[in-house]
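Notes for the one structure printed next.
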Amino acid sequence: MIQIFFSATQYAAATVTAAIRAGLFGPREGRRRILVVSNTAAVPEVGTPLDRMAGFEALRPEFDEVRSWNEFISPHHPAGWSPRPQDTVLWERAVRLAWDLGDEPVEIACESLQANPSRAVADIFADSPIHVYADGLMSYGPTRNRIPYPMSSRITRVIHLDLVPGLRPMLLSEYGVRPEAVPTEAIVDVLAGIGREGAAVLAGRVPDDDPPTAVLLGQYLSALGLITQEEEQQLHLRMLRAAARAGHGSVLFKPHPSAPAVYHASLEDEAAGLGVRLTVLAEPVLAETVFAVLRPKLVVGCFSTALMTAAAFYGIPVARVGTDLLLERITPYENSNRVPLTLIDAALPDAEHEEAGVPLGPARPAGQLEPLVRAVSYCMQPRKHHDLREEVADWLTAHLAEHPRYFRKRRLTGLRLPGGSPVRAEALRRNPAVRRVVRRVRAARS
C-alpha cells in the first residue's frame with residue numbers, strides 16, 4: 001500500500017505527521033509513505049518550500065520520500081492548475097512513472113477538496129480512497145462547494161485538530177463522512193519538535209528574567225478584503241490597549257508574515273505612550289512555539305486559529321478583540337471564515353470589556369456552541385443541510401434574541417426562518433408588479 005500525503009503549509013504537514021504518529025494511518029510496516037509538498041503562494045519561486053523550512057527535519061522521519069508538486073507540474077501554478085477530465089488517466093500514469101509507484105494501490109491524504117492542488121490530485125487518482133485533513137477552525141463549518149458524487153463517495157473521513165473539545169466538525173458531513181480527531185498530545189509533541197529552532201530565536205529576542213506576559217496575534221485581515229489597512233492597524237492598537245488594561249507591562253506582538261511594517265511602528269508608539277515594553281517578533285516562528293516557550297498569561301487576537309490552540313493545547317487564557325466589526329463586514333454570508341469568526345466571538349471573552357486572563361478558554365462549552373454553529377452553518381449552506389431545517393427553526397425561535405449578531409435578517413427572510421421579515425418570498429414572487437419588473441430585467445439582459 002502506498003500512502004501519499006499532500007501538504008501546502010508547515011502546519012498542515014505537522015497535522016498529518018501527528019495523525020501518522022497517533023496511528024490514524026495504520027502501522028508503518030507494509031506501507032510506503034510519500035510526502036508531496038506544494039507552495040501555493042502567488043509567486044512560489046521566491047518562497048521557501050516546505051521541505052526546506054526550519055523544523056522540517058522533525059517531520060521527515062515519518063516519510064520514505066519527499067516530492068515537490070510544483071516541480072512535477074511546472075510551469076503550471078499548483079493553485080490554478082487541474083487536469084482536463086479526458087487527461088486524468090494520462091496524468092495518473094505520468095505520476096506513477098515519475099514516482100515509481102508501479103501498479104500498487106494508492107491512498108490519498110490531502111487538505112480541502114474545495115481547491116487545488118487537492119482537487120487536482122483527487123481527480124488524477126480517480127479510484128483511490130481519500131482522507132481529508134483539516135488543521136483549522138474551518139473544519140467546524142459547512143463544505144463550501146459541492147463535491148461530485150464519484151469523488152465524495154471515496155472520502156473515508158475528515159481528520160481534524162480537536163480545537164474545540166467536544167464540538168463535532170460539519171465539514172463534508174452532508175456526504176456521511178465521519179470526523180476523527182488527532183490526539184492533542186500527538187500534535188503538541190510534533191509542534192514542539194518543529195519549534196526547537198524557533199525556541200532558539202526566542203531565546204535571543206526575549207530576556208530570560210522578564211519575558212512578555214501577553215501575546216498579540218496579527219492576521220493581516222485587510223488582505224482578505226474584510227477591513228482596510230487603517231482599520232487593521234487600529235485593531236492591533238486595540239489589542240495592545242486591552243493587554244495593558246489587563247495589567248500586562250511586557251507584550252509580544254506576532255505579526256502576520258505579509259503584514260506591512262507600518263503596523264509595527266504605530267504599535268511601538270502606542271506602547272511607549274502606555275508605558276508597555278513591546279517586542280515585535282517578525283521572525284518566522286510558529287505561534288505555538290511562542291506559547292510553549294514563553295507560557296504567557298494571556299493571548300489576544302481577532303479570530304486566529306492560534307487563539308484556540310493556545311487554549312486547547314497549552315491551557316493559556318485567551319481573549320478576542322474586533323470580532324464585532326468583522327461580523328458586520330464579512331460577506332457573502334456563506335464566506336468560509338464565518339464559522340471560525342462565530343466560534344471565537346461566541347466562545348471567548350471580549351478583551352476590551354470583559355475580564356481577560358482567567359483560565360480557561362474557550363469560556364463556553366461545546367454543548368452550547370454546537371447548536372449555534374449548526375444554525376449558522378445551515379444558513380450558510382441550506383441546500384447541503386436541509387435535514388437541519390426543523391432543528392434550526394426551533395433553536396432560532398428560542399435563542400435568536402440572545403445571538404442576533406450571527407444572523408442576517410435578509411438571510412432569515414429568504415430561508416423563511418424565525419427572525420426574518422413577515423413578507424414571504426412566495427408572496428413576492430406571485431406579486432404582479434414584481435413579476436413585471438423581473439421580466440423587464442431579463443429582457444434587458446438578453
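Residue by residue through segment 135-161, note down the ones that are out of contact with any helix residue (DSSP H, G or I) (no Cβ under 8 Å at 6 or more places or on another chain) and farther than 11 Å from Tyr175 by Cα.
Scanning segment 135-161 gives Ser139, Arg144, Asn145, Pro150.
Hey, does segment 389-406 have a residue that's crowded, with 16+ Cβ neighbours inside 10 Å, closer than 23 Å to Thr184 by Cβ and either in the same structural domain as Tyr11 (by TED's automatic domain parsing) or modelled with pLDDT of 95 or more (or both)?
No, segment 389-406 contains no residue that is crowded, with 16+ Cβ neighbours inside 10 Å, closer than 23 Å to Thr184 by Cβ and either in the same structural domain as Tyr11 (by TED's automatic domain parsing) or modelled with pLDDT of 95 or more (or both).
If I go through segment 215-255 residue by residue, how many of them are out of contact with any Ser or Thr (no Cβ under 9 Å at 6 or more places or on another chain), closer than 21 Å to Pro296 by Cα and assigned to a loop (DSSP other than H, G, I, E, B)?
Final tally of qualifying residues: 2.
Hey, among the residues in segment 8-25 that are at pLDDT 95 or above and not hydrophobic (A, V, I, L, M, F, W, C), which one's surrounded by the fewest Cβ atoms within 10 Å (Cβ to Cβ)?
Gly23
Restricting the first residue to segment 394-418 and requiring it to be closer than 25 Å to Leu325 by Cβ, which pairs with a second residue that is part of a helix (DSSP H, G or I) and of a type in the set (S, T, N, Q) meet a Cβ separation below 7 Å and a spacing of at least six or different chains?
Tyr406/Thr342
For segment 314-328, what are the residues that are part of a helix (DSSP H, G or I) and out of contact with any Lys or Arg (no Cβ under 8 Å at 6 or more places or on another chain)?
Thr323, Leu325, Leu326, Glu328
Of these, Arg168, Arg157, which one is surrounded by fewer than 23 Cβ atoms within 10 Å (Cβ to Cβ) and in a strand (DSSP E or B)?
Arg157
Hey, can you tell me all the residues within segment 27-44 that are farther than 16 Å from Asn116 by Cα, in contact with a helix residue (DSSP H, G or I) (Cβ under 9 Å, 6 or more places away or on another chain) and surrounded by fewer than 21 Cβ atoms within 10 Å (Cβ to Cβ)?
Correct list: Arg28, Arg33.
Being outside any helix (DSSP H, G or I), buried (at least 23 other Cβ atoms within 10 Å of the Cβ) and among the aliphatic types (A, V, I, L, M), is that true of even one residue in segment 302-313?
Start the filter on segment 302-313 by keeping residues that are outside any helix (DSSP H, G or I), which leaves 302-304.
Filter once more, so that each one left must be buried (at least 23 other Cβ atoms within 10 Å of the Cβ): 302-304.
From what's left, among the aliphatic types (A, V, I, L, M): none.
Within segment 302-313, not a single residue is outside any helix (DSSP H, G or I), buried (at least 23 other Cβ atoms within 10 Å of the Cβ) and among the aliphatic types (A, V, I, L, M).
The values are calculated or read from the model by the stated rules, or taken from the named source; none is laboratory data. No experiment lies behind these values; they were computed from the predicted model shown. Neighbour counts run over all protein chains shown; Cβ positions are idealised from the backbone, glycine included.
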